[in-house]
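Quick note: the coordinates plus some simple rules give every number you see, no bench work behind them. Quick caveat: nothing in here was measured; it's all calculated off a predicted structure. When we count neighbours, we look across all protein chains shown, and the Cβ atoms used for this are built from the backbone with ideal geometry, even at glycine.
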Amino acid sequence: MKQFLKNLQSLQFKLVMIYMLLIIIGMQIIGLYFTNSLERDLTGNFKNNIDSQVTLIDTRIQEIFQETGDDREQMRAEIQNLLADYGNRPEIDEIRYINADNILVGTSRISNESLVGSRINEPMSQDALESGIANDEIFVNVDKDNQRVWIMNQPVVVNDEVAGVIYVESNVESIYMQLEAINNTFIIATLFSLVITSILGIFVARTITKPITDMRNQALLMSEGDYTSRVQIYSDDEIGQLAGSFNILSKRVQEAQANTESEKKRLDSVITHMSDGIIATDRKGRIRIVNEMAVGMLNLDLQSDELHGKNMLELLRLGEELNLEDIIQEANDSHLIFIDTADERTTLRVNFSTIVTDTGFINGYIAVLHDVTEQERIDAERREFVANVSHELRTPLTSMRSYIEALQEGAWQDEEIAPKFLSVTRAETDRMGRLVEDLLQLSRMDNDAEEIQKEVVDFKLFINRIIDRFEMTHKDEVVFTRHIPDAPLFTDISVDKMGQVLDNVLSNAIKYQHGDPKRVDIHLKQNTLYNRMTIRIKDYGLGIPNNKVDRIFDRFYRVDKGRARKMGGTGLGLAISKEIIEAHNGKIWANSVENEGTTIFINLPCEVIEEDEWDV
Ligand code: ADP
């Protein structure tokens with residue numbers, strides 16, 4: 001049923017209907033005009049024929065009037081004969097002659113002969129008698145199968161007086177039957193032409209609708225994303241040109257689609273491989289695109305496509321403090337969010353922007369996520385460093401100031417106290433000097449301003465010399481045990497810097513130890529496989545709590561602040577050592593057990609130099 005209704009709405013059906021309607025209307029107009037004029041002609045001819053007969057009868061009656069004079073009987077008989085003659089004609093039903101007194105004088109119809117001599121009450125005949133003007137009318141004879149009869153009354157004027165009236169009743173039905181037969185032929189012809197037109201119409205309409213149907217199917221395919229097929233061009237007319245243009249259009253759309261696809265792929269690949277996280281939403285803030293980086297940054301267990309349709313602000317845990325309105329108003333503002341995992345906290349900076357169409361309509365939102373954990377850490381370290389430097393400088397300054405004030409207030413006169421105060425002030429000044437020196441050295445290394453002058457040395461000789469120096473200065477106080485191979489061990493180092501590192505490590509080993517005597521073991525071992533060596537400096541002192549061991553290489557870090565400062569340390573020694581070792585492509589680390597001792601490991605690359613070559 002639906003299909004049938006659909007067919008009724010089709011263009012082909014409409015075209016066929018138009019053809020048929022045109023044929024029907026054309027035939028109707030032609031038929032109407034044709035039958036009207038035919039009817040007019042036929043009835044005109046018929047009436048003329050009757051008229052001429054009536055004229056003849058009229059003339060003859062006038063003659064009879066003159067011939068018979070007053071012989072009424074003779075006149076009646078002659079009129080009767082005359083009427084009977086004319087009444088024989090097939091188209092004439094009856095001819096009567098009615099005199100001026102409305103009395104029937106004669107009739108051609110035998111069945112009405114009994115009425116002769118009696119008064120006739122025919123209103124039309126009476127009218128003609130009274131007015132002297134002929135009249136006529138077509139009537140439907142109900143008694144005779146509804147056949148049409150034409151009644152005509154023609155007054156007969158003798159000596160300028162109406163002497164009577166000729167009444168003619170003729171059968172016009174034959175004309176109408178003739179017209180009906182012609183009409184029927186016409187209707188049959190119309191039906192024939194309708195059938196032929198509709199068959200032709202179907203074919204003609206199909207030639208028009210076929211390319212249109214093809215184009216419709218092609219358009220449907222295009223809407224489903226298939227741009228490869230083309231419409232067949234059947235002719236060079238407007239429809240053929242339309243099909244041609246349609247093919248060009250689908251080719252252009254195909255090219256545009258391919259361009260869009262490749263652009264999309266490019267964009268997808270850019271978004272996927274971006275180092276920032278990207279989230280794009282629709283205008284209601286529901287996620288449409290999210291890259292793997294964003295999923296990773298937010299530490300989500302979901303795949304990026306599982307996030308589709310989720311609320312962006314809730315996903316970013318900003319749902320409570322922000323809404324989409326705020327994003328529109330505070331475009332370019334950034335927000336920090338913190339993602340806590342089992343072992344670390346990541347800080348993300350989120351920047352929002354809106355996608356606005358040409359008409360100013362907001363179509364969606366974009367959030368760009370930057371991992372600023374490292375930057376935040378560096379910022380925090382920088383702040384801590386500045387605070388540490390200020391603190392480190394303020395402490396000796398405060399202490400110096402208080403000693404100087406005491407001296408000013410009279411202690412300088414005290415021979416016992418004055419030298420003590422002055423030596424403390426001197427020590428603090430020295431410490432400040434060392435601190436500033438260390439800071440400058442660190443800063444130079446940070447800025448790569450300090451060039452390390454390296455030279456190839458035998459590390460065995462180098463370290464032995466340093467230990468010798470320490471043994472001299474700490475005689476009776478420290479026992480140094482050496483586990484150093486006899487064979488030379490060449491390495492490319494800056495003698496000054498490496499000396500500074502070993503000085504620092506060895507003096508720490510002595511500083512943070514109370515034993516009597518103190519013990520320091522020095523191991524040197526070569527790893528020929530990797531062409532590296534490891535120096536191990538072990539003490540039996542205070543040790544470092546396990547969770548703080550790795551931090552001793554941080555700037556200003558001290559395990560026990562008060563004591564370390566008392567020992568004159570700046571808290572920068574190991575930080576500088578680490579920088580120097582790393583500048584030599586080496587590594588430094590520590591192992592320690594609290595109250596048992598600490599071991600500092602230094603791993604450095606070796607130089608492969610034959611002994612002979614060195615000797616030369
Ligand atoms: P400082 O000038 O304070 O000695 P360092 O950078 O050399 O600074 O050392 C940092 C901190 O590491 C020291 O303050 C100390 O607490 C700790 N430390 C270093 N070496 C040892 C060690 N051998 N034994 C115990 N603690 C140590």
_Farthest positive-ward along the chain dipole, Cα basis, beta-carbon charges - from THR197, ASN531, LEU83_ = ASN531
_How would the range 434-550 be classified by its alpha-carbon gyration tensor: rounded, prolate or oblate, with rounded meaning a/c under 1.5 and the a/b versus b/c comparison settling the rest?_
oblate
*If you project the alpha carbons of the range 255-307 onto the principal axes, what extent comes out on each, in Å, largest first?*
40, 26, 16
*If you take the beta carbon distance between ILE248 and VAL204 as r and set R0 to 22 Å, what does 1/(1 + (r/R0)^6) give as a FRET efficiency, to the nearest 0.05?*
0.20
*Report, ordered by chain and residue number, the lysines lying within cross-link reach of LYS284, taken as a straight Cα distance under 23 Å and ignoring same-chain residues fewer than 8 apart.*
LYS264, LYS310
_GLU39 paired with SER114, simple spin-label distance in nm, labels 7 Å along Cα-to-beta-carbon_ = 3.8 nm
*asked:* List the lysines whose Cα sits under 30 Å from the Cα of LYS518, skipping any in the same chain fewer than 8 residues away.
replied: LYS420, LYS460, LYS475, LYS497, LYS538, LYS548, LYS561, LYS566, LYS578, LYS587
_Computed FRET value (nearest 0.05) for LEU529 with PHE462, which takes r as the C-beta separation and R₀ as 25 Å_ = 0.65
_Cα-Cα separations in the range 267-380 greater than 26 Å, expressed as whole percent_ = 16 percent
*So what's the convex hull volume per residue for the Cα atoms of the range 21-154, in Å³?*
137 Å³
_Lys, Arg +1 and Asp, Glu -1 on Cβ, resulting dipole of the chain about Cα centre, debye, nearest 20_ = 2960 debye
_As an exercise, take the mean of 1/r over every pair of distinct alpha carbons in the chain, invert it, and state the Kirkwood radius in angstroms._
39.7 Å
*May I ask you to list the lysines whose Cα is less than 19 Å away from that of LYS144, ignoring any residue fewer than eight positions away on the same chain?*
none
_With eigenvalues of the C-alpha gyration tensor scaled by 5 and rooted, the range 504-545, Å_ = 26, 10, 8
*Ranked highest first by the average count of other Cβ atoms within 10 Å around their residues, in what order do 515-523, 337-345 fall?*
515-523, 337-345
*Length gained when the stretch THR59-ASP560 is fully extended (0.36 nm per residue, less Cα-Cα span)*: 163.9 nm
*Scaled to the compact-protein estimate 2.2 N^0.38 Å, what is the alpha-carbon radius of gyration of the range 60-121, rounded to two decimal places?*
1.07
*What helices does the chain hold that run 18 Å or longer along their axis, going by alpha-carbon atoms, with a Kyte-Doolittle average of -1.0 or more, using DSSP H for the helix calls?*
11-68, 72-87, 173-223, 238-273, 373-408, 417-446, 459-473, 495-511
_Based on the alpha carbons, how large is the Rg to Rh ratio for the range 130-202 when Rh follows Kirkwood?_
1.38
*Work through the residues other than THR68 whose Cβ is under 13 Å from its Cβ and net out their charges, Lys, Arg +1 and Asp, Glu -1.*
-3
*Can you give the calculated 222 nm mean residue ellipticity of the chain, where each DSSP H run of n ≥ 4 adds -39,500 (n - 2.57) and the sum is split over every residue, rounded to the nearest 500 deg cm²/dmol?*
-17500 deg cm²/dmol
*Burial ranking of peptide ranges 434-443, 274-283, 479-488 (average Cβ count within 10 Å, highest at the top)*: 274-283, 434-443, 479-488
*Can you pull the percent of Cα pairs in the range 481-602 with separation above 19 Å?*
47 percent
*Want the number for ALA406 to ARG551: 0.36 nm per residue separation, take away the alpha-carbon distance, what's left?*
48.4 nm
